[in-house]
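Engineer: Take a look at this one; I'll ask things after.
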């Protein structure tokens, strides 16, 4: 019997209700005459403190509050992919449709109290039972996670219909191949003499991680096509990363690149407290962009969750959990899922705002003391796992969170706590952004703990010399950074020739490799092979030039000898497409030949 | 909220701009309130917090002179609304949307809640129409598009008003004759600044397509929390109900944020950075996000907020949080201003996030993106080398590096610098860019595709024209 109480106080997104005996912590409730969605975040006596996920304007003390008996949960089933949700899994286009019926000229605004189904109840899906070849049989014992059948959700995603959590017993009946809605039973499981109907959709509370058999080591790189990421600071499937940066440093462009180009099978994009137009951009472009790995529209692998900065702040806190739960669900089917959260700082600020209204004791900069543990819990939901049930499946959730430090200061609480729980740190640099060097990932401050783990993959799939070249390039960049301090004192002309060569090569690497135009059709995505070949060209040039320098030839002479080839090297990234990589080798050989000739001339 | 007016007179406490009223019933959160003083003077307020029997009311005009006895507090049973109508163009209003120009009262086509409602991202249309402002630094390198929110980050004494006025005068979408309707919100600015804009609109004959909402520096600070919202409510009406393209100028958002801090302090809230409330970001977003285009509608709202950075500090919470919400920023530089350069736009710190959508073949010119990238790369290198040269002397730089210094100077003197009434077409801007890029050796133009160099570089152009 759900609880029923009345509003006693309203202060911004916080509502206090009285007469709430028996309410559960984190129970979802309906607030006021308009039945606004809220969640209980504290209980004192018969009073429940509720964070309300919609605007509280117009609410009055005395209005009813009803419990739902369950924590805030999401619906999991076919029909999620390709949808744009608000922070509590309401499809935004459906909200517009409902509003349009009442007030056509207000259609573009989100009004309160609109109730819509997260996944369509009347849509028929083509269900194919997994009864043949290694699948399930009538009479089998089944457990949570066992695959009962499949549904083609999009042309890219075959949705696995699994035995829901908590259901185990003998399979008594399974539906024939055919078209069913999520309301139709597709199987019956008998347990303890009781029959349980299994449908294609079930609910799961967002704050509880979905179970799995065991976690695996993240040894496969998540290929993103972004050179500085894949080559220097790689992400692993099932890994965690953060992209901190002041405004204008390109956090969102970086995350869009990941969502667009990475070789994940499913992408969950959470716009948490960010710009409305950024979600619109994804929504307008992704259906027309092609997945670089399959050639299908990108939207067929993407789920969007939008709680933009002007939408109610409490739902911002929930949106992160809604997103990661959806990600885990597809992970359980055996897919590699990438979750990007833009921005976790806005989520932390939502925590702070609610904590402030609850008059909790603040810790650093007004953030509640549990900020760090909440961040840890969230990032810990990433991982590559062996999923529950049979057949055996490996899936992963990779989490990348943007962080928006106030004033670009990386020592602030959200950035510094996040650093403790992530393994890849892509530090965005205001100075690089000012000179329009994008992605503005600073190669000195960034790190990836996955380099060793993914080396084997690169060696097996790209080239066994990958690590050697990568480390050498990193060394040149680090050395250049040290040299810059000296240059600032004495200028470049008085440097040793070898150091001048380091500066020259670092400039080549910066302009020809690290800098990448996310909007150029050829440059935006570089295959691992292209990345390696470009890198090899620059490093081989350096090695050969170094030999010449040691024989007394100056860098100026080298630069003059290679002439326009220099420009060709820098421009190779956007003149040579992924399918004509032999041209990079040709260019490399031409450069080396010029150096050979120069050496011969200088005798 | 369909309840009538209720009147109460038990005031328990008055602190700062807040009244705590007792014995109330049926009061709604965010409801609008009329306070009648013993003298008969009427003020407006808003419910900020409501418990059983108690309401906390924020009085817009301040609590000076209010007494705990003899004051009547009327709860009006609705949120703060303003009438909206096309006839509001050409008129002047106070910060709460009431006419102050002596003209006739507004015959409302509709009353609208000033808080508005969030735009559904699924119903937005992505902005992509290039607005030519005639200012090279903006059109060439930080292109404005219709439906964008692009603030000007300025400092006290810098010519942000001139620049905003120049943009308002020159902004056009090519191929369309229609001029922008302008909604102007003066938020706590000085009378001189207001008069500057008023005169400017009069002189340019634009007054009949401008609606002004004015809260001056000596007027009640709490009204500033309403002024931009009232202005945007009208803008939304004009754009989405009346198919107009609206340019909204909000100046000065720093005054707005300070009013917000004042009310937060009065409520004894836990402060975030520098005493500003933790929700400053969300609150600013509820203003800035009221811009854009929507599907199936012809109109649009382009927002140009102006803010002065305290101590020219871009990391101060107000510009910082603004930059995280808006789609870029135009940053004015005191250094350039002192050099006598107008407009003193620091292009390196400036950014337009929507630029890529508004430029290119069919919109501006095919070489636009590459030229802009090259200008950025070259100018930032020039500026870097300039500070290096100051330490080690120019002679310690290589010949190529010295070319970069020359480029940086030409960039500031010829490209950035232009007259207050100089309206450059995008072709003029790009051709000018090529002229100064030609200072550099051709091998340095690594950001530009070969075909564009052949087509637009002055060196090759001359050959083809001769």
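The values are calculated or read from the model by the stated rules, or taken from the named source; none is laboratory data. Note that this is a predicted model, so its numbers are computed, not measured. Note that each Cβ is placed from the backbone with ideal geometry, even for glycine, and that neighbours are counted across all protein chains shown.
Engineer: Is at least one residue of segment A:35-50 under 25 Å from the mean Cα position of the chain (by Cα) and outside any helix (DSSP H, G or I)?
Structural biologist: So far as segment A:35-50 goes, no, none of its residues is under 25 Å from the mean Cα position of the chain (by Cα) and outside any helix (DSSP H, G or I).
Engineer: Let me ask you something else. Just name the residue that is nearest to residue B:246 (Cα to Cα) out of those in segment B:41-53 that are within 12 Å of chain A (Cβ to nearest Cβ) and surrounded by fewer than 18 Cβ atoms within 10 Å (Cβ to Cβ). Walk me through it before giving the result.
Structural biologist: Initially, segment B:41-53 is screened for residues within 12 Å of chain A (Cβ to nearest Cβ), giving B:46-53.
Subset that is surrounded by fewer than 18 Cβ atoms within 10 Å (Cβ to Cβ): B:51-53.
On the way: B:51: 40, B:52: 43, B:53: 43 Å.
Here the residue is B:51.
Engineer: Take the residues in segment B:269-298 that are over 21 Å from residue A:279 (Cα atoms) and part of a strand (DSSP E or B); name whichever of them is farthest from the other protein chains (Cβ to nearest Cβ).
Structural biologist: Ranking the candidates gives B:277 first.
Engineer: A further question follows. Given the criterion assigned by TED's automatic domain parsing to the domain that holds residue A:422 and not in a helix (DSSP H, G or I), identify the matching residue among A:359, A:349, A:328.
Structural biologist: A:359
Engineer: Any chance segment A:295-313 includes a residue that's part of a helix (DSSP H, G or I) and within 14 Å of chain B (Cβ to nearest Cβ)?
Structural biologist: Checked segment A:295-313: at least one residue is part of a helix (DSSP H, G or I) and within 14 Å of chain B (Cβ to nearest Cβ).
Engineer: Now, a different point. Please determine, by comparing only the residues of segment B:323-348 that are out of contact with any helix residue (DSSP H, G or I) (no Cβ under 6 Å at 6 or more places or on another chain) and within 14 Å of chain A (Cβ to nearest Cβ), which one is farthest from residue B:162 (Cα to Cα).
Structural biologist: In this case the residue turns out to be B:324.
Engineer: Have a look at A:547, A:482 and point out the one that is surrounded by fewer than 19 Cβ atoms within 10 Å (Cβ to Cβ), out of contact with any helix residue (DSSP H, G or I) (no Cβ under 8 Å at 6 or more places or on another chain), farther than 16 Å from residue A:228 by Cβ and outside the structural domain of residue A:441 (by TED's automatic domain parsing).
Structural biologist: On the way: A:547 fails: out of contact with any helix residue (DSSP H, G or I) (no Cβ under 8 Å at 6 or more places or on another chain).
Among A:547, A:482, only A:482 is surrounded by fewer than 19 Cβ atoms within 10 Å (Cβ to Cβ), out of contact with any helix residue (DSSP H, G or I) (no Cβ under 8 Å at 6 or more places or on another chain), farther than 16 Å from residue A:228 by Cβ and outside the structural domain of residue A:441 (by TED's automatic domain parsing).
Engineer: Filter segment A:397-422 down to the residues that are assigned to a loop (DSSP other than H, G, I, E, B) and under 17 Å from residue B:278 (Cβ atoms), then identify the one that is nearest to the other protein chains (Cβ to nearest Cβ).
Structural biologist: A:404
Engineer: Hey, another quick one. Might you check whether a residue that is within 14 Å of chain A (Cβ to nearest Cβ), surrounded by 24 or more Cβ atoms within 10 Å (Cβ to Cβ), touching a strand residue (DSSP E or B) at 6+ places or on another chain (Cβ under 6 Å) and assigned to a helix (DSSP H, G or I) occurs anywhere in segment B:244-262?
Structural biologist: No, segment B:244-262 contains no residue that is within 14 Å of chain A (Cβ to nearest Cβ), surrounded by 24 or more Cβ atoms within 10 Å (Cβ to Cβ), touching a strand residue (DSSP E or B) at 6+ places or on another chain (Cβ under 6 Å) and assigned to a helix (DSSP H, G or I).
Engineer: Being without any contact (Cβ under 8 Å) to a residue 60 or more places away in the chain and more than 27 Å from residue A:276 (Cβ to Cβ): is that true of residue A:93 here?
Structural biologist: Numbers: without any contact (Cβ under 8 Å) to a residue 60 or more places away in the chain: yes; more than 27 Å from residue A:276 (Cβ to Cβ): no.
Considered against the rule, which asks whether it is without any contact (Cβ under 8 Å) to a residue 60 or more places away in the chain and more than 27 Å from residue A:276 (Cβ to Cβ), residue A:93 comes out as no.
Engineer: For residues that are free of Cβ contacts under 8 Å to residues at least 60 places away in the same chain and at the interface with another protein chain (Cβ under 9 Å from one of its Cβ atoms), scanning just segment A:314-360, find the one that is nearest to residue A:287 (Cα to Cα).
Structural biologist: Taking segment A:314-360 and keeping what is free of Cβ contacts under 8 Å to residues at least 60 places away in the same chain, we get A:320, A:323, A:351-352, A:355-356, A:359-360.
Narrowing the set further to residues that are at the interface with another protein chain (Cβ under 9 Å from one of its Cβ atoms) leaves A:352, A:355-356, A:359-360.
Numbers: A:352: 36, A:355: 39, A:356: 41, A:359: 45, A:360: 44 Å.
So, considering only residues that are free of Cβ contacts under 8 Å to residues at least 60 places away in the same chain and at the interface with another protein chain (Cβ under 9 Å from one of its Cβ atoms), the one nearest to residue A:287 (Cα to Cα) is A:352.
Engineer: Turning to a different aspect of this structure: Here is a list: B:447, B:423. Which entry is within 9 Å of chain A (Cβ to nearest Cβ), within 19 Å of residue B:141 (Cβ to Cβ) and touching a residue at least 12 places away in the same chain (Cβ under 8 Å)?
Structural biologist: Answer to the selection: B:447.
Engineer: Also, quick follow-up: Output the residue which, of all residues in segment B:450-466 that are within 14 Å of another protein chain (Cβ to nearest Cβ) and assigned to a helix (DSSP H, G or I), is farthest from residue A:436 (Cα to Cα).
Structural biologist: B:454
Engineer: Here is a further query. Name, by its number, the condition in (1) within 29 Å of the chain's Cα centre (by Cα); (2) crowded, with 19+ Cβ neighbours inside 10 Å; (3) free of Cβ contacts under 8 Å to residues at least 60 places away in the same chain; (4) within 9 Å of chain B (Cβ to nearest Cβ) that does not hold for residue A:110.
Structural biologist: (3)
Engineer: Could you grab the pairs with beta carbons closer than 8 Å, sequence gap of 6+ or different chains, first residue in segment A:269-284 and more than 8 Å from every other protein chain (Cβ to nearest Cβ), second one part of a loop (DSSP other than H, G, I, E, B) and crowded, with 24+ Cβ neighbours inside 10 Å?
Structural biologist: Correct list of pairs: A:272/A:87; A:272/A:343; A:274/A:308; A:274/A:309; A:274/A:343.
A quick yes/no check of all residues on (1) surrounded by fewer than 19 Cβ atoms within 10 Å (Cβ to Cβ); (2) in contact (Cβ under 8 Å) with a residue 24 or more places away in the chain; (3) under 24 Å from residue B:188 (Cα atoms):
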{"residue": "B:38", "(1), (2), (3)": "yes, yes, no"}
{"residue": "B:67", "(1), (2), (3)": "yes, yes, no"}
{"residue": "B:83", "(1), (2), (3)": "no, yes, yes"}
{"residue": "B:102", "(1), (2), (3)": "yes, no, yes"}
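Engineer: Turning to a different aspect of this structure: Hey, can you tell me all the residues within segment A:233-246 that are crowded, with 24+ Cβ neighbours inside 10 Å and touching a helix residue (DSSP H, G or I) at 6+ places or on another chain (Cβ under 7 Å)?
Structural biologist: A:234, A:235, A:236, A:240, A:242, A:243, A:244, A:245 - these are the residues of segment A:233-246 that are crowded, with 24+ Cβ neighbours inside 10 Å and touching a helix residue (DSSP H, G or I) at 6+ places or on another chain (Cβ under 7 Å).
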